[in-house]
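The values are calculated or read from the model by the stated rules, or taken from the named source; none is laboratory data. The structure displayed is predicted, hence computed values, not measured ones. Cβ atoms come from the backbone with ideal geometry, glycine included; neighbour counts cover every protein chain shown. Calculation scope for accessible area: heavy atoms of the full protein, side chains included, ligands and nucleic acids excluded. Shrake-Rupley method; radii C 1.70, N 1.55, O 1.52, S 1.80 Å.
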Amino acid sequence: MLESRTFVNPLREGMRVARAPEPASIIIFGATGDLARRKLVPALYNLSRENYMPSVFNIIGFARRPRTDVEIRDEYKKAVNEFSREKIQDATWDSFSRNIFYVQSNLDDLAGYKRLKGELERFDRERGTAGNRLFYLAVPPELMPEIVEMLGKAELDTSEGYTRIILEKPFGRDLASAVELNQRLHRVFDEAQIYRIDHYLGKEAVQNIFVFRFANGILEPIWNRTYISNVQITVAETVGVEERGEYYDNSGALRDIIQNHALQLLAVTTMEPPPVFGPDEVRNEKAQVLRAIRPLGYNEIANATVRGQYGAGAIGGLSVSGYRTEPEVNPESATPTFVALRVLIDNWRWAGVPFYLRTGKRLPKRTTEIAIEFKLPPLSLFGRASSPEYAAFPGDDVRGRNGANALEPNSLVFNIQPDEGISLKFESKIPGQDNRIRPVNMDFRYNSTFGQAAPEAYERLLLDALLGDPMLFTRYDEVEAQWGFITPILETWQQIPPPAFPNYEAGTWGPAVADEFIKRDGHTWRRL
(Lines give C-alpha, C1' and ligand atoms only; values in the text may rest on other atoms or scores of the structure.)
Protein backbone atom coordinates (compact mmCIF):
# COMPACT_ATOMS: atom_id res chain seq x y z
CA MET A 1 0.00 0.00 0.00
CA LEU A 2 1.26 3.49 -0.81
CA GLU A 3 2.98 5.22 2.09
CA SER A 4 1.53 8.56 3.17
CA ARG A 5 3.53 11.70 2.45
CA THR A 6 5.55 13.06 5.35
CA PHE A 7 6.01 16.66 4.18
CA VAL A 8 3.92 19.30 5.93
CA ASN A 9 4.02 22.92 4.81
CA PRO A 10 4.16 24.96 8.04
CA LEU A 11 2.29 27.83 6.39
CA ARG A 12 -0.64 25.50 5.73
CA GLU A 13 -0.55 23.60 9.04
CA GLY A 14 -3.94 23.53 10.68
CA MET A 15 -5.70 24.49 7.44
CA ARG A 16 -8.07 22.13 5.67
CA VAL A 17 -7.38 21.70 1.98
CA ALA A 18 -10.65 22.86 0.43
CA ARG A 19 -10.27 20.86 -2.76
CA ALA A 20 -8.97 17.31 -2.30
CA PRO A 21 -8.83 15.10 -5.42
CA GLU A 22 -9.77 11.45 -5.27
CA PRO A 23 -7.02 8.80 -5.58
CA ALA A 24 -5.98 8.57 -9.23
CA SER A 25 -3.46 7.43 -11.82
CA ILE A 26 -1.97 10.12 -14.07
CA ILE A 27 -0.67 8.77 -17.37
CA ILE A 28 1.65 11.00 -19.40
CA PHE A 29 2.03 10.16 -23.10
CA GLY A 30 5.29 11.63 -24.34
CA ALA A 31 6.77 11.15 -20.88
CA THR A 32 10.38 11.71 -22.00
CA GLY A 33 9.65 14.92 -23.91
CA ASP A 34 10.22 18.57 -23.04
CA LEU A 35 6.68 19.34 -21.90
CA ALA A 36 6.71 16.54 -19.32
CA ARG A 37 10.14 17.55 -18.04
CA ARG A 38 9.74 21.32 -18.04
CA LYS A 39 6.11 21.72 -16.97
CA LEU A 40 4.13 18.65 -16.00
CA VAL A 41 6.37 16.83 -13.52
CA PRO A 42 7.50 20.06 -11.77
CA ALA A 43 3.84 21.06 -11.47
CA LEU A 44 2.86 17.69 -10.00
CA TYR A 45 5.79 17.85 -7.59
CA ASN A 46 4.74 21.29 -6.35
CA LEU A 47 1.14 20.14 -5.93
CA SER A 48 2.43 17.23 -3.85
CA ARG A 49 4.73 19.50 -1.85
CA GLU A 50 1.77 21.72 -0.96
CA ASN A 51 -0.53 18.76 -0.16
CA TYR A 52 -2.87 19.23 -3.12
CA MET A 53 -2.29 15.84 -4.73
CA PRO A 54 -4.60 12.90 -4.02
CA SER A 55 -3.83 10.91 -0.90
CA VAL A 56 -2.95 8.04 -3.23
CA PHE A 57 -1.63 8.62 -6.74
CA ASN A 58 0.46 7.09 -9.51
CA ILE A 59 2.32 8.93 -12.28
CA ILE A 60 2.88 6.57 -15.19
CA GLY A 61 5.07 7.66 -18.07
CA PHE A 62 4.27 6.14 -21.48
CA ALA A 63 6.78 6.61 -24.31
CA ARG A 64 8.87 4.69 -26.84
CA ARG A 65 12.30 5.35 -25.33
CA PRO A 66 13.61 2.61 -23.01
CA ARG A 67 13.55 3.58 -19.35
CA THR A 68 13.27 1.76 -16.05
CA ASP A 69 11.26 3.12 -13.15
CA VAL A 70 14.52 4.13 -11.46
CA GLU A 71 15.84 5.87 -14.58
CA ILE A 72 12.68 7.89 -15.18
CA ARG A 73 12.64 8.95 -11.52
CA ASP A 74 16.26 10.15 -11.77
CA GLU A 75 15.48 11.98 -15.01
CA TYR A 76 12.49 13.71 -13.47
CA LYS A 77 14.47 14.67 -10.37
CA LYS A 78 16.94 16.56 -12.56
CA ALA A 79 14.04 18.20 -14.38
CA VAL A 80 12.41 19.37 -11.15
CA ASN A 81 15.72 20.75 -9.89
CA GLU A 82 16.10 22.69 -13.14
CA PHE A 83 12.57 23.87 -13.90
CA SER A 84 10.47 23.88 -10.72
CA ARG A 85 9.55 27.19 -9.07
CA GLU A 86 10.47 25.49 -5.78
CA LYS A 87 13.59 23.35 -5.59
CA ILE A 88 13.57 19.80 -4.34
CA GLN A 89 13.38 18.91 -0.68
CA ASP A 90 14.81 15.43 -0.31
CA ALA A 91 12.15 14.03 2.01
CA THR A 92 9.36 15.36 -0.19
CA TRP A 93 10.98 14.06 -3.37
CA ASP A 94 11.57 10.60 -1.89
CA SER A 95 7.91 10.29 -1.00
CA PHE A 96 6.75 11.77 -4.32
CA SER A 97 9.08 9.74 -6.56
CA ARG A 98 7.93 6.39 -5.17
CA ASN A 99 4.72 7.00 -7.12
CA ILE A 100 6.44 7.35 -10.53
CA PHE A 101 6.46 4.40 -12.96
CA TYR A 102 7.15 3.82 -16.64
CA VAL A 103 5.68 1.79 -19.49
CA GLN A 104 7.70 1.57 -22.69
CA SER A 105 5.77 1.32 -25.94
CA ASN A 106 5.44 2.82 -29.38
CA LEU A 107 2.38 5.03 -29.56
CA ASP A 108 0.90 2.93 -32.37
CA ASP A 109 1.36 -0.43 -30.60
CA LEU A 110 -1.93 -1.78 -29.24
CA ALA A 111 -0.04 -4.33 -27.13
CA GLY A 112 1.59 -1.47 -25.22
CA TYR A 113 -1.81 0.02 -24.38
CA LYS A 114 -2.99 -3.35 -23.14
CA ARG A 115 0.10 -3.61 -20.93
CA LEU A 116 -0.75 -0.14 -19.63
CA LYS A 117 -4.29 -1.27 -18.87
CA GLY A 118 -2.94 -4.25 -16.94
CA GLU A 119 -0.64 -2.01 -14.89
CA LEU A 120 -3.47 0.41 -14.12
CA GLU A 121 -5.72 -2.42 -12.95
CA ARG A 122 -2.89 -3.75 -10.77
CA PHE A 123 -2.37 -0.30 -9.24
CA ASP A 124 -6.10 -0.05 -8.56
CA ARG A 125 -5.97 -3.33 -6.64
CA GLU A 126 -2.66 -2.88 -4.85
CA ARG A 127 -2.49 0.88 -4.33
CA GLY A 128 -6.12 1.87 -4.08
CA THR A 129 -6.48 4.27 -7.02
CA ALA A 130 -10.15 3.28 -7.46
CA GLY A 131 -10.14 3.14 -11.26
CA ASN A 132 -9.64 6.91 -11.66
CA ARG A 133 -7.48 7.79 -14.68
CA LEU A 134 -6.22 11.09 -16.08
CA PHE A 135 -4.51 10.75 -19.47
CA TYR A 136 -2.26 13.63 -20.54
CA LEU A 137 -1.29 13.79 -24.24
CA ALA A 138 2.04 15.66 -24.09
CA VAL A 139 2.76 14.84 -27.73
CA PRO A 140 2.72 16.65 -31.11
CA PRO A 141 -0.83 17.30 -32.32
CA GLU A 142 -0.57 14.94 -35.29
CA LEU A 143 -0.16 11.99 -32.88
CA MET A 144 -3.23 12.74 -30.78
CA PRO A 145 -5.95 11.12 -32.95
CA GLU A 146 -4.05 7.82 -33.10
CA ILE A 147 -3.51 7.77 -29.32
CA VAL A 148 -7.20 8.45 -28.74
CA GLU A 149 -8.19 5.61 -31.07
CA MET A 150 -5.74 3.23 -29.36
CA LEU A 151 -7.17 4.12 -25.97
CA GLY A 152 -10.59 3.20 -27.29
CA LYS A 153 -9.39 -0.10 -28.79
CA ALA A 154 -7.67 -1.03 -25.50
CA GLU A 155 -10.90 -0.17 -23.63
CA LEU A 156 -9.13 2.54 -21.66
CA ASP A 157 -11.83 5.11 -22.37
CA THR A 158 -13.86 3.91 -19.39
CA SER A 159 -13.11 2.43 -15.98
CA GLU A 160 -14.68 1.77 -12.61
CA GLY A 161 -13.88 5.36 -11.62
CA TYR A 162 -13.54 8.45 -13.81
CA THR A 163 -11.58 8.66 -17.07
CA ARG A 164 -10.42 12.07 -18.33
CA ILE A 165 -8.09 13.13 -21.12
CA ILE A 166 -6.09 16.36 -21.47
CA LEU A 167 -5.01 17.57 -24.91
CA GLU A 168 -2.47 20.30 -25.61
CA LYS A 169 -2.83 22.96 -28.28
CA PRO A 170 -2.80 23.43 -31.21
CA PHE A 171 -6.24 21.90 -31.57
CA GLY A 172 -6.42 21.62 -35.35
CA ARG A 173 -4.88 23.77 -38.09
CA ASP A 174 -8.11 25.33 -39.34
CA LEU A 175 -11.85 25.02 -38.84
CA ALA A 176 -12.24 21.83 -40.87
CA SER A 177 -9.44 19.99 -39.08
CA ALA A 178 -10.67 21.15 -35.66
CA VAL A 179 -14.18 19.87 -36.41
CA GLU A 180 -12.75 16.57 -37.63
CA LEU A 181 -10.59 16.21 -34.51
CA ASN A 182 -13.58 16.91 -32.28
CA GLN A 183 -15.56 14.24 -34.13
CA ARG A 184 -12.76 11.68 -33.74
CA LEU A 185 -12.48 12.49 -30.05
CA HIS A 186 -16.22 12.15 -29.52
CA ARG A 187 -16.20 8.66 -31.05
CA VAL A 188 -14.16 7.52 -28.05
CA PHE A 189 -14.75 10.05 -25.25
CA ASP A 190 -17.72 12.08 -24.11
CA GLU A 191 -17.22 15.85 -24.15
CA ALA A 192 -17.35 15.85 -20.34
CA GLN A 193 -14.21 13.66 -20.32
CA ILE A 194 -12.20 15.96 -22.62
CA TYR A 195 -10.00 18.75 -21.24
CA ARG A 196 -8.46 20.95 -23.95
CA ILE A 197 -5.72 22.88 -22.21
CA ASP A 198 -4.78 26.49 -22.88
CA HIS A 199 -2.23 27.22 -20.18
CA TYR A 200 -2.92 30.98 -20.31
CA LEU A 201 -6.27 30.30 -18.62
CA GLY A 202 -4.39 28.76 -15.69
CA LYS A 203 -2.38 31.91 -15.04
CA GLU A 204 -3.29 33.61 -11.80
CA ALA A 205 -3.62 37.01 -13.47
CA VAL A 206 -6.13 35.66 -16.01
CA GLN A 207 -8.23 34.05 -13.28
CA ASN A 208 -8.16 37.37 -11.45
CA ILE A 209 -9.93 39.04 -14.39
CA PHE A 210 -13.09 37.16 -13.35
CA VAL A 211 -12.76 38.40 -9.78
CA PHE A 212 -11.81 41.94 -10.76
CA ARG A 213 -14.80 42.29 -13.06
CA PHE A 214 -17.51 40.44 -11.17
CA ALA A 215 -16.59 41.04 -7.50
CA ASN A 216 -16.22 44.84 -7.73
CA GLY A 217 -19.37 46.88 -8.15
CA ILE A 218 -17.65 49.99 -9.58
CA LEU A 219 -16.52 48.30 -12.80
CA GLU A 220 -19.40 46.62 -14.61
CA PRO A 221 -21.34 49.89 -15.19
CA ILE A 222 -18.43 51.27 -17.27
CA TRP A 223 -17.35 47.97 -18.88
CA ASN A 224 -18.95 48.71 -22.25
CA ARG A 225 -18.87 50.75 -25.47
CA THR A 226 -20.16 53.89 -23.75
CA TYR A 227 -16.96 54.38 -21.76
CA ILE A 228 -14.29 52.23 -23.41
CA SER A 229 -12.48 53.56 -26.47
CA ASN A 230 -10.42 50.50 -27.46
CA VAL A 231 -8.78 47.39 -26.03
CA GLN A 232 -5.28 46.14 -26.84
CA ILE A 233 -4.13 42.60 -26.17
CA THR A 234 -0.39 42.07 -26.59
CA VAL A 235 1.58 38.80 -26.40
CA ALA A 236 5.20 39.82 -26.96
CA GLU A 237 8.18 37.46 -26.93
CA THR A 238 11.89 38.22 -27.04
CA VAL A 239 12.80 34.69 -28.13
CA GLY A 240 12.90 33.38 -31.67
CA VAL A 241 11.68 29.94 -32.67
CA GLU A 242 14.34 28.22 -30.52
CA GLU A 243 14.15 24.45 -31.22
CA ARG A 244 10.68 24.64 -32.81
CA GLY A 245 11.71 25.77 -36.29
CA GLU A 246 9.99 22.99 -38.22
CA TYR A 247 6.76 23.25 -36.21
CA TYR A 248 6.68 27.04 -36.23
CA ASP A 249 7.35 27.33 -39.96
CA ASN A 250 4.20 25.28 -40.56
CA SER A 251 2.21 27.24 -38.01
CA GLY A 252 3.12 30.93 -37.66
CA ALA A 253 2.05 33.58 -35.19
CA LEU A 254 -1.65 33.56 -36.08
CA ARG A 255 -2.08 29.86 -35.34
CA ASP A 256 0.47 29.69 -32.53
CA ILE A 257 -0.80 32.58 -30.37
CA ILE A 258 -3.79 34.49 -31.75
CA GLN A 259 -6.13 31.57 -32.45
CA ASN A 260 -5.91 30.25 -28.91
CA HIS A 261 -4.23 32.43 -26.25
CA ALA A 262 -5.21 35.88 -27.54
CA LEU A 263 -8.81 34.98 -28.39
CA GLN A 264 -9.26 33.31 -25.01
CA LEU A 265 -7.97 36.47 -23.30
CA LEU A 266 -10.43 38.44 -25.43
CA ALA A 267 -13.29 36.17 -24.37
CA VAL A 268 -12.51 36.42 -20.64
CA THR A 269 -12.29 40.22 -20.93
CA THR A 270 -15.54 40.68 -22.86
CA MET A 271 -17.89 37.89 -21.73
CA GLU A 272 -21.16 38.68 -19.97
CA PRO A 273 -21.50 37.93 -16.25
CA PRO A 274 -22.61 34.30 -15.90
CA PRO A 275 -25.73 33.56 -13.81
CA VAL A 276 -23.55 31.47 -11.47
CA PHE A 277 -19.79 30.98 -11.42
CA GLY A 278 -19.79 27.42 -12.71
CA PRO A 279 -17.91 25.63 -15.53
CA ASP A 280 -20.82 25.36 -17.95
CA GLU A 281 -22.05 28.88 -17.30
CA VAL A 282 -18.63 30.51 -17.74
CA ARG A 283 -17.87 28.57 -20.92
CA ASN A 284 -21.33 29.34 -22.29
CA GLU A 285 -20.63 33.06 -21.96
CA LYS A 286 -17.17 32.76 -23.54
CA ALA A 287 -18.61 30.82 -26.47
CA GLN A 288 -21.32 33.47 -26.94
CA VAL A 289 -18.85 36.32 -27.25
CA LEU A 290 -16.54 34.32 -29.54
CA ARG A 291 -19.49 33.65 -31.86
CA ALA A 292 -20.24 37.40 -31.85
CA ILE A 293 -16.86 38.32 -33.38
CA ARG A 294 -17.52 39.93 -36.75
CA PRO A 295 -16.15 37.78 -39.61
CA LEU A 296 -13.63 39.47 -41.88
CA GLY A 297 -14.35 39.39 -45.58
CA TYR A 298 -11.69 39.14 -48.29
CA ASN A 299 -11.49 42.90 -48.83
CA GLU A 300 -11.49 43.69 -45.11
CA ILE A 301 -8.60 41.39 -44.24
CA ALA A 302 -6.02 43.54 -46.04
CA ASN A 303 -7.01 46.55 -43.90
CA ALA A 304 -7.67 44.74 -40.62
CA THR A 305 -4.55 42.55 -40.42
CA VAL A 306 -0.78 43.04 -40.49
CA ARG A 307 1.89 40.40 -41.10
CA GLY A 308 5.53 40.64 -40.17
CA GLN A 309 8.68 38.53 -40.10
CA TYR A 310 11.82 39.41 -38.16
CA GLY A 311 15.22 39.90 -39.68
CA ALA A 312 18.58 40.10 -37.99
CA GLY A 313 18.92 42.54 -35.12
CA ALA A 314 19.75 42.76 -31.43
CA ILE A 315 17.96 41.67 -28.25
CA GLY A 316 19.33 42.89 -24.95
CA GLY A 317 22.51 44.08 -26.63
CA LEU A 318 23.18 40.70 -28.25
CA SER A 319 23.08 40.16 -32.01
CA VAL A 320 20.52 37.61 -33.19
CA SER A 321 19.87 36.12 -36.60
CA GLY A 322 16.82 36.59 -38.78
CA TYR A 323 13.94 34.11 -38.92
CA ARG A 324 14.88 32.68 -42.32
CA THR A 325 18.29 31.62 -41.02
CA GLU A 326 16.91 29.82 -37.96
CA PRO A 327 17.41 26.00 -37.83
CA GLU A 328 14.77 23.96 -39.71
CA VAL A 329 13.20 27.10 -41.24
CA ASN A 330 12.73 27.45 -45.00
CA PRO A 331 15.22 30.12 -46.18
CA GLU A 332 12.43 31.59 -48.33
CA SER A 333 9.73 31.21 -45.71
CA ALA A 334 6.64 33.44 -45.87
CA THR A 335 5.53 32.43 -42.35
CA PRO A 336 4.63 35.47 -40.22
CA THR A 337 6.36 35.83 -36.85
CA PHE A 338 4.36 39.01 -36.09
CA VAL A 339 0.62 39.53 -36.45
CA ALA A 340 -1.62 42.46 -35.60
CA LEU A 341 -5.34 42.56 -36.28
CA ARG A 342 -8.44 44.53 -35.45
CA VAL A 343 -11.41 42.60 -34.05
CA LEU A 344 -14.98 43.86 -33.70
CA ILE A 345 -17.62 42.20 -31.52
CA ASP A 346 -21.17 42.56 -32.74
CA ASN A 347 -23.16 42.52 -29.53
CA TRP A 348 -24.95 45.10 -27.40
CA ARG A 349 -22.07 45.69 -24.98
CA TRP A 350 -19.18 46.03 -27.43
CA ALA A 351 -20.57 47.23 -30.77
CA GLY A 352 -18.13 49.68 -32.34
CA VAL A 353 -15.25 49.14 -29.89
CA PRO A 354 -12.08 48.01 -31.71
CA PHE A 355 -10.00 45.26 -30.13
CA TYR A 356 -6.40 45.21 -31.30
CA LEU A 357 -4.54 41.92 -30.98
CA ARG A 358 -0.81 41.68 -31.62
CA THR A 359 1.86 39.08 -31.07
CA GLY A 360 5.41 38.72 -32.25
CA LYS A 361 8.73 37.03 -31.75
CA ARG A 362 12.05 38.84 -31.26
CA LEU A 363 10.32 41.91 -29.83
CA PRO A 364 12.14 44.16 -27.31
CA LYS A 365 10.29 42.91 -24.23
CA ARG A 366 8.65 39.73 -23.02
CA THR A 367 5.19 40.65 -21.82
CA THR A 368 1.55 39.66 -22.07
CA GLU A 369 -1.06 42.24 -21.17
CA ILE A 370 -4.64 43.36 -21.72
CA ALA A 371 -4.96 47.16 -21.85
CA ILE A 372 -8.42 48.77 -21.66
CA GLU A 373 -8.31 52.40 -22.78
CA PHE A 374 -11.20 54.61 -21.71
CA LYS A 375 -12.69 57.56 -23.54
CA LEU A 376 -11.57 61.08 -22.66
CA PRO A 377 -13.92 63.35 -20.68
CA PRO A 378 -16.29 65.36 -22.91
CA LEU A 379 -15.06 68.83 -21.91
CA SER A 380 -11.67 70.33 -21.05
CA LEU A 381 -11.60 72.10 -17.68
CA PHE A 382 -7.84 72.47 -17.34
CA GLY A 383 -6.80 74.21 -20.54
CA ARG A 384 -6.44 71.06 -22.59
CA ALA A 385 -8.64 69.46 -25.17
CA SER A 386 -10.67 66.31 -24.61
CA SER A 387 -12.66 63.93 -26.76
CA PRO A 388 -12.50 64.73 -30.51
CA GLU A 389 -16.28 64.46 -30.90
CA TYR A 390 -16.66 67.43 -28.54
CA ALA A 391 -14.01 69.67 -30.14
CA ALA A 392 -15.39 73.16 -30.80
CA PHE A 393 -12.80 74.31 -33.34
CA PRO A 394 -10.86 72.65 -36.17
CA GLY A 395 -7.71 71.04 -34.82
CA ASP A 396 -8.91 71.18 -31.21
CA ASP A 397 -9.03 67.38 -31.08
CA VAL A 398 -5.27 67.05 -30.47
CA ARG A 399 -4.08 70.13 -28.60
CA GLY A 400 -5.78 72.60 -26.32
CA ARG A 401 -6.22 76.19 -27.50
CA ASN A 402 -3.45 77.23 -25.10
CA GLY A 403 -1.03 74.87 -26.87
CA ALA A 404 -0.80 72.42 -23.97
CA ASN A 405 -0.50 68.70 -24.61
CA ALA A 406 -3.74 66.78 -24.82
CA LEU A 407 -4.95 64.73 -21.88
CA GLU A 408 -3.97 61.08 -21.94
CA PRO A 409 -6.85 58.63 -21.67
CA ASN A 410 -7.31 56.57 -18.54
CA SER A 411 -6.24 52.96 -18.95
CA LEU A 412 -6.63 49.77 -16.97
CA VAL A 413 -3.98 47.14 -17.67
CA PHE A 414 -3.99 43.48 -16.69
CA ASN A 415 -0.36 42.30 -16.61
CA ILE A 416 -0.52 38.59 -17.35
CA GLN A 417 3.21 37.87 -17.45
CA PRO A 418 5.94 38.10 -16.36
CA ASP A 419 4.98 40.53 -13.53
CA GLU A 420 1.41 39.57 -12.70
CA GLY A 421 -0.70 42.49 -11.56
CA ILE A 422 -3.12 45.28 -12.44
CA SER A 423 -2.31 48.91 -13.20
CA LEU A 424 -4.65 51.90 -13.43
CA LYS A 425 -3.48 55.11 -15.13
CA PHE A 426 -5.25 58.38 -14.40
CA GLU A 427 -4.53 62.12 -14.56
CA SER A 428 -3.32 63.87 -11.42
CA LYS A 429 -2.37 67.43 -10.45
CA ILE A 430 1.36 68.03 -9.98
CA PRO A 431 2.03 69.73 -6.62
CA GLY A 432 2.50 73.48 -7.02
CA GLN A 433 0.68 76.75 -7.64
CA ASP A 434 -0.23 75.97 -11.26
CA ASN A 435 -2.81 73.51 -12.55
CA ARG A 436 -0.28 71.26 -14.16
CA ILE A 437 -1.47 67.73 -14.86
CA ARG A 438 0.43 64.49 -15.37
CA PRO A 439 -0.67 60.85 -15.74
CA VAL A 440 0.20 58.60 -12.79
CA ASN A 441 -0.16 54.87 -12.19
CA MET A 442 -1.76 52.96 -9.36
CA ASP A 443 -0.17 49.50 -9.35
CA PHE A 444 -1.05 46.18 -7.77
CA ARG A 445 1.49 43.34 -7.95
CA TYR A 446 0.93 39.81 -6.70
CA ASN A 447 4.41 39.34 -5.25
CA SER A 448 4.48 42.54 -3.22
CA THR A 449 0.85 42.34 -2.05
CA PHE A 450 0.67 38.68 -1.10
CA GLY A 451 4.35 38.07 -0.39
CA GLN A 452 4.61 35.07 -2.70
CA ALA A 453 4.88 34.25 -6.36
CA ALA A 454 1.79 32.99 -8.14
CA PRO A 455 1.77 29.22 -8.78
CA GLU A 456 2.53 27.96 -12.26
CA ALA A 457 -0.44 27.71 -14.62
CA TYR A 458 0.04 23.96 -15.07
CA GLU A 459 -0.31 23.42 -11.33
CA ARG A 460 -3.78 24.95 -11.29
CA LEU A 461 -4.90 23.19 -14.47
CA LEU A 462 -3.65 19.73 -13.44
CA LEU A 463 -5.37 20.13 -10.07
CA ASP A 464 -8.61 21.20 -11.75
CA ALA A 465 -8.49 18.18 -14.08
CA LEU A 466 -7.98 15.86 -11.11
CA LEU A 467 -10.96 17.50 -9.43
CA GLY A 468 -13.11 17.28 -12.56
CA ASP A 469 -13.47 21.07 -12.89
CA PRO A 470 -13.34 22.03 -16.61
CA MET A 471 -13.97 25.79 -16.17
CA LEU A 472 -10.45 26.81 -17.24
CA PHE A 473 -10.34 24.38 -20.16
CA THR A 474 -11.62 25.11 -23.65
CA ARG A 475 -14.85 23.50 -24.85
CA TYR A 476 -15.30 22.22 -28.40
CA ASP A 477 -17.65 25.03 -29.45
CA GLU A 478 -15.15 27.67 -28.27
CA VAL A 479 -12.41 26.06 -30.35
CA GLU A 480 -14.62 25.93 -33.42
CA ALA A 481 -15.74 29.56 -32.97
CA GLN A 482 -12.10 30.65 -32.71
CA TRP A 483 -11.14 28.78 -35.87
CA GLY A 484 -14.27 30.09 -37.58
CA PHE A 485 -12.83 33.60 -37.26
CA ILE A 486 -9.19 32.72 -37.99
CA THR A 487 -9.57 30.35 -40.95
CA PRO A 488 -10.78 32.97 -43.50
CA ILE A 489 -7.74 35.09 -42.62
CA LEU A 490 -5.39 32.15 -43.24
CA GLU A 491 -7.13 31.36 -46.54
CA THR A 492 -7.01 34.97 -47.71
CA TRP A 493 -3.33 35.27 -46.83
CA GLN A 494 -2.70 32.30 -49.11
CA GLN A 495 -4.15 34.36 -51.97
CA ILE A 496 -2.56 37.72 -51.12
CA PRO A 497 1.24 37.85 -51.51
CA PRO A 498 2.94 38.60 -48.18
CA PRO A 499 4.93 41.79 -47.65
CA ALA A 500 8.61 41.83 -48.51
CA PHE A 501 9.92 39.71 -45.64
CA PRO A 502 11.76 40.33 -43.40
CA ASN A 503 10.04 43.62 -42.59
CA TYR A 504 11.13 44.31 -39.01
CA GLU A 505 14.42 44.05 -37.20
CA ALA A 506 14.74 41.78 -34.21
CA GLY A 507 14.55 43.97 -31.12
CA THR A 508 11.92 46.35 -32.52
CA TRP A 509 8.14 46.43 -32.02
CA GLY A 510 7.28 44.94 -35.38
CA PRO A 511 6.83 46.38 -38.86
CA ALA A 512 6.12 50.10 -39.30
CA VAL A 513 2.86 49.27 -41.05
CA ALA A 514 1.51 47.99 -37.70
CA ASP A 515 1.78 51.51 -36.29
CA GLU A 516 0.13 52.99 -39.37
CA PHE A 517 -2.62 50.38 -39.19
CA ILE A 518 -3.79 51.43 -35.71
CA LYS A 519 -3.25 55.17 -36.34
CA ARG A 520 -5.83 55.03 -39.14
CA ASP A 521 -8.42 54.45 -36.41
CA GLY A 522 -7.13 57.37 -34.33
CA HIS A 523 -5.32 55.18 -31.79
CA THR A 524 -1.72 54.26 -30.98
CA TRP A 525 -0.17 51.16 -29.50
CA ARG A 526 0.40 51.37 -25.78
CA ARG A 527 4.03 52.04 -24.82
CA LEU A 528 5.43 48.93 -23.15
message: Shape verdict for region 152-271, please, from the Cα gyration tensor: rounded (a/c under 1.5), prolate (a/b greater than b/c) or oblate.
response: oblate
message: If DNA, RNA and ligands are ignored and the probe is 1.4 Å, what is the ranking of 75, 86, 126 by accessible area, most exposed first?
response: 126, 86, 75
query: Along the positive direction of the dipole of the chain (beta-carbon charges: Lys, Arg +1; Asp, Glu -1; about the Cα centre), which of 495, 171, 230 reaches farthest?
result: 230
query: With a sphere of radius 9 Å drawn around the Cβ of residue 193, what net charge do the other residues whose Cβ falls strictly inside it have (Lys, Arg +1; Asp, Glu -1)?
result: -2
- line: FRET efficiency for residue 321 and residue 115 from the Cβ-Cβ distance with R0 = 41 Å, rounded to 0.05, comes out at 0.35
- request: Tell me what the chain gives for mean residue ellipticity at 222 nm when only DSSP H runs of n ≥ 4 count, each as -39,500 (n - 2.57), the sum divided by the residue total, rounded to 500 deg cm²/dmol.
  value: -9000 deg cm²/dmol
query: What does the accessible area of residue 153 come to, in Å² to the nearest 10, when a probe of 1.4 Å is used?
result: 130
message: Give the separation of the Cα centroids, region 164-204 to region 338-383, in Å.
response: 29
- request: For volume of the Cα convex hull per residue in Å³, several values are listed as [x] 217; [y] 181; [z] 169; flag the one computed from this structure.
  value: [y]
- prompt: To the nearest 20 debye, what charge dipole does the chain have about its Cα centre, counting +1 at the Cβ of each Lys and Arg and -1 at the Cβ of each Asp and Glu?
  reply: 1100
message: Which one, 129, 458, 319, is farthest towards the positive end of the dipole of the chain when Lys and Arg carry +1 and Asp and Glu -1 on their Cβ?
response: 319
- prompt: Quick one: if you stick a label point 7 Å off each Cα along the C-beta vector at residue 374 and residue 81, how many nm between them?
  reply: 5.2
List 125, 445, 64, 133, ordered by accessible area with a 1.4 Å probe, largest first: 125, 64, 445, 133
message: Once you order the gyration tensor axes a ≥ b ≥ c over the Cα atoms, which shape class does region 399-528 get: rounded for a/c under 1.5, otherwise prolate or oblate by comparing a/b with b/c?
response: oblate
statement: With all protein chains in place and a 1.4 Å probe, residue 37 shows an accessible area in Å² (nearest 10) of 60
statement: With a 27 Å threshold on alpha-carbon distance, the violating pairs from 77/203; 77/153; 77/361; 39/425; 365/425 are 77/153; 77/361; 39/425
- request: Report relative contact order for region 197-270 in percent, whole number only (criteria: Cα-Cα under 8 Å, sequence separation at least 6).
  value: 47
query: Accessible area of residue 408, 1.4 Å probe, to the nearest 10 Å²?
result: 60
- prompt: Using a Förster distance of 41 Å, how high is the FRET efficiency between residue 219 and residue 68, based on the Cβ-Cβ distance and rounded to 0.05?
  reply: 0.15
message: For the chain, take the longest principal axis of its alpha carbons; what is the angle in degrees between that and the long axis of helix 175-188, to the nearest 10 within 0 to 90?
response: 30
- prompt: Excluding the sites themselves, what is the longest stretch of the chain that contains no chymotrypsin sites (Phe, Trp or Tyr not before Pro) in a DSSP loop with at most 16 other C-beta atoms within 10 Å?
  reply: 8-226
query: What is region 295-375 by shape, rounded, prolate or oblate, if you read a ≥ b ≥ c off the alpha carbon gyration tensor as root eigenvalues and call it rounded for a/c under 1.5, prolate for a/b larger than b/c, and oblate otherwise?
result: oblate
statement: Scoring region 144-264 by relative contact order with C-alpha pairs under 8 Å, at least six apart, yields a percentage of 27
query: Once you charge only the Cβ atoms, +1 for Lys and Arg and -1 for Asp and Glu, what is the size of the charge dipole of region 173-317 about its Cα centre, to the nearest 20 debye?
result: 300
- prompt: Quick one: net charge of residue 498's neighbours, Cβ under 13 Å, K/R +1, D/E -1?
  reply: +1
- prompt: What net charge is computed for the residues neighbouring residue 423, neighbours being all others with C-beta under 12 Å from the C-beta of residue 423, Lys and Arg scored +1, Asp and Glu -1?
  reply: -1
- prompt: When the solvent-accessible surface of protein heavy atoms is calculated with a 1.4 angstrom probe, in what order do 186, 523 fall, highest first?
  reply: 186, 523
message: Of 472, 40, 417, which is farthest towards the positive pole of the chain's charge dipole, taken about the Cα centre with +1 and -1 on the beta-carbons of Lys, Arg and Asp, Glu respectively?
response: 417
message: With a cut-off of 8 Å between alpha carbons and a minimum separation of six or more residues, what is the relative contact order of the chain in percent?
response: 17
